[in-house]
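A short worksheet on the structure shown next.
The values are calculated or read from the model by the stated rules, or taken from the named source; none is laboratory data. A quick note: this is a predicted structure, and the numbers were derived from the prediction, not measured. Cβ placement follows ideal geometry from the backbone for every residue including glycine, while neighbour counts extend to all protein chains displayed. SASA here: full protein model, heavy atoms, side chains in, ligands and nucleic acids out. Shrake-Rupley method; radii C 1.70, N 1.55, O 1.52, S 1.80 Å.
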Amino acid sequence: MTSFRCFLVLSLVSFLLLSTVLPSISTNDEQDDEDLRFLEETEGKSVDIASLPHLSDSDDDQFPDDDEEDEDSGSEQETGASLSDPYKAPQIDDKDVVVLTQGNFSDFIKNNKFGMVEFYAPWCGHCQSLAPEYAAAATELKGEGVLLAKVDATQEDELAEEYDVEAFPTIYFLVDGKHTLYPAARNKDAIVTWIKKQIGPGIYNVTTLDDAERILTSESEVALGYLNSLVGPESDELAATSKLLDDIKFYQTMNPDVAKLFHIDPEVKRPALVLLKKDAEKICHFDGLFVKTAISEFVTSNKLPLVTIFSRESAPSIFESSIKMHLLLFATLNISEKYIPVLQEAAKLFKGKLISIYVQVDNEESGKPVANFFGVSGNGPTIRAYSGDDVKKFAMNGDVTFNNIKAFAEDFLAGRLKPFYKSDPIPETNNEDVKEVVGDNFDEIVLDESKDVLLEIYAPWCGHCRSLEPTYNKLAQHLRGINSLVIAKMDGTTNEHPKAKSAGFPTMLFFPAGKKSFDPMKVNTGRTVVDFYKFLKEHATIPFNLKKAVLVPKDKPTKTSDSKVREKSSSVSSKEEL
């Protein structure tokens, strides 16, 4: 009897367990087997951009077709060296630039203590601009025992991979086979000066007044040390500093008359140092401890003009400086003469703390892209600040006056400013299925804690974004009746927000309701309506039920179609579409 009771208890427990588990299994099976094809059936076929071949997002920046034939391609292929070729003497291009391939690269390194190698691509505009400067530098340096060479990285892909070439041009300086990136400006004078410093003493003696006058006449920026001896610890510190700073020539003297010509008091306590510039601020005297670090900091802080005119040539000096706080004046050329002196006066107060820069907004090559980055339009004048350490921008309000710039710069350095983010105007109407987000309405739409928000960050010129658009619109149409869900998009080229960081276009981000203080989720899923729908069902904080219905374009409503939709919906939508 006892065993029979145990059997009944076990049977009852098993029945209860099965009754609990079976509905769950049934539900899961229903979800796995549900037919979501209706999501893809409305308004054409969806495009899955994940399946597209890899292309540049910019239609105007395609790589040249490797299949295109060049008139000289046959002869180049015949003379090109392969791994199995015996060593061949380097060809000389542009008279003095050595052409390197896989076949002669190692011999070039072995036979030359010093060398410079440029990895380039024939179609690269920067490489084409560098070519004449590089060739001129090669001619000047061949007498110094330094050969300049180049490698076509589009042909020598193994060499490019070995030397971690990821951009063009990539330039290395080699000493006994060890390579370091060339860090200075890409013009003949900069290349020659930098290399001579690397292979030479880095500092030059000035013993006569004739030499001193020649230097002052020919050089735009020079540093002169007035020392007790031209050899020893003082000279060593100066020479070591010289090798750290590529764009300044360093000299030393013991001659009081030379020191006087360089605006140093001959009776001053030695060692002394002066930096001379052909700028509004012509003379800077060093008054610190005569060691490499202090001298380097002094020269770095003072070598740039009070206001640097932004250009391709000056950009490396700006961005490679240890000073990462920038103050920028944006104005057209015709009004710049009125406002640059105002900025110069203010810049004197912040030497060593800020780099002051003038950006010519009507210069299409260099000024316009910078203005676009800072969201500056019109002729100016406009003042912006930039922190390179955390990549934040700040906007000054009010007129461009000395007092306003001074107060703005002080607040900038003290961290009292609110960052500035680019924004298009807020749309007057925003009734489409895909909501338009701009910088100024981002918080209102995307950071609404009561909504789950899917955001696409796109670029108008992006081919992948255009391919995704019909799919994204279709998704929004299907979900238009879900009040807890927002499908949105933002032009990432003209709008910014600290929560909307994109590494490319399109970038898909999901902002769950009630969790907007956290970073958004990256949507790493397929790019079909079904893929997006499943992602939202899985990750939305607020559960939603989608009813299967016939979608009617919003711009063509009719009473007949509306009634059919309601009739269809009432007969079919009682079943939840998971």
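Looking only at residues of the range 488-519 that are aromatic (Phe, Trp, Tyr) and more than 11 Å from VAL446 (Cβ to Cβ), we find that the one that is nearest to the chain's Cα centre (by Cα) is PHE505. Among the residues of the range 193-214, those identified as within 19 Å of ALA149 (Cβ to Cβ) and crowded, with 19+ Cβ neighbours inside 10 Å are TRP194, ILE195.
So that you can scan it fast, the table gives a plain yes or no per residue for (1) over 23 Å from MET396 (Cα atoms); (2) more than 28 Å from the chain's Cα centre (by Cα); (3) touching a residue at least 60 places away in the same chain (Cβ under 8 Å):
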{"site": "LYS277", "(1), (2), (3)": "yes, yes, no"}
{"site": "ALA280", "(1), (2), (3)": "yes, yes, yes"}
{"site": "ASN302", "(1), (2), (3)": "yes, no, no"}
{"site": "PHE310", "(1), (2), (3)": "no, no, yes"}
{"site": "LEU329", "(1), (2), (3)": "no, no, yes"}
{"site": "PHE350", "(1), (2), (3)": "no, no, yes"}
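Give me the pairs, please: first residue somewhere in the range 415-431 and more than 14 Å from ASP390 (Cα to Cα) and open to solvent by less than 100 Å² (accessible area, probe 1.4 Å), second residue anywhere and among the hydroxyl-bearing types (Ser, Thr, Tyr) and modelled with pLDDT under 95, beta-carbon distance under 9 Å, and either six or more positions apart or on two chains. Short answer, once both residue conditions are applied: LYS422/THR493; LYS422/THR494; SER423/THR494; ASP424/THR494. The conditions of being at pLDDT below 95 and open to solvent by less than 40 Å² (accessible area, probe 1.4 Å) are not met by VAL486.
For SER336, are the conditions met, namely being touching a strand residue (DSSP E or B) at 6+ places or on another chain (Cβ under 8 Å) and of a type in the set (Ser, Thr, Tyr)?
Numbers: touching a strand residue (DSSP E or B) at 6+ places or on another chain (Cβ under 8 Å): yes; of a type in the set (Ser, Thr, Tyr): yes.
Taking the combined requirement at face value, the residue satisfies it.
Filter the range 267-284 down to residues that are over 22 Å from LEU343 (Cα atoms) and open to solvent by 20 Å² or more (accessible area, probe 1.4 Å), then give me how many there are. Total meeting the criteria: 5. Strands (runs of 3 or more DSSP E) fully within the range 433-498 that include at least 1 residues being of a type in the set (Gly, Ala, Ser): 485-491.
Of all the criteria given as (1) in contact (Cβ under 8 Å) with a residue 24 or more places away in the chain; (2) more than 20 Å from PRO201 (Cα to Cα); (3) not polar (S, T, N, Q), the one not satisfied by GLU267 is (1).
Going by the conditions given, is PHE298 among the hydrophobic types (A, V, I, L, M, F, W, C), crowded, with 18+ Cβ neighbours inside 10 Å and within 30 Å of THR382 (Cβ to Cβ)? Considered against the rule, which asks whether it is among the hydrophobic types (A, V, I, L, M, F, W, C), crowded, with 18+ Cβ neighbours inside 10 Å and within 30 Å of THR382 (Cβ to Cβ), PHE298 comes out as no. Within the range 513-543, if we keep just the residues that are open to solvent by 30 Å² or more (accessible area, probe 1.4 Å) and of a type in the set (Lys, Arg), the residue that is modelled with the lowest pLDDT turns out to be ARG527. Among the residues that make up the range 384-392, is at least one of them outside any loop (DSSP other than H, G, I, E, B), in contact with a Pro (Cβ under 9 Å, 6 or more places away or on another chain) and of a type in the set (A, V, I, L, M, F, W, C)? No, the conditions are met nowhere in the range 384-392. Of the helices (runs of 4 or more DSSP H) lying entirely inside the range 195-295, those containing at least 2 residues that are outside the structural domain of ILE318 (by the TED database) and within 24 Å of GLU320 (Cβ to Cβ) are 233-244.
Criterion first (open to solvent by less than 20 Å² (accessible area, probe 1.4 Å) and either outside the structural domain of HIS285 (by the TED database) or aromatic (Phe, Trp, Tyr) (or both)) does LEU354 satisfy it?
yes
Is it true that some residue in the range 333-344 is open to solvent by 40 Å² or more (accessible area, probe 1.4 Å) and of a type in the set (Gly, Ala, Ser)? No, that holds for no residue. The residues of the range 447-464 that are open to solvent by less than 10 Å² (accessible area, probe 1.4 Å) and more than 25 Å from the chain's Cα centre (by Cα), listed by number, are ASP452, VAL453, LEU454. Going through (1) part of a loop (DSSP other than H, G, I, E, B); (2) β-branched (Val, Ile, Thr); (3) farther than 30 Å from LEU417 by Cβ one by one, ILE323 falls short only on (3). For the range 397-432, a tally of residues being touching a Lys or Arg at 6+ places or on another chain (Cβ under 7 Å) and either more than 19 Å from MET325 (Cα to Cα) or not in a helix (DSSP H, G or I) (or both) returns 2.
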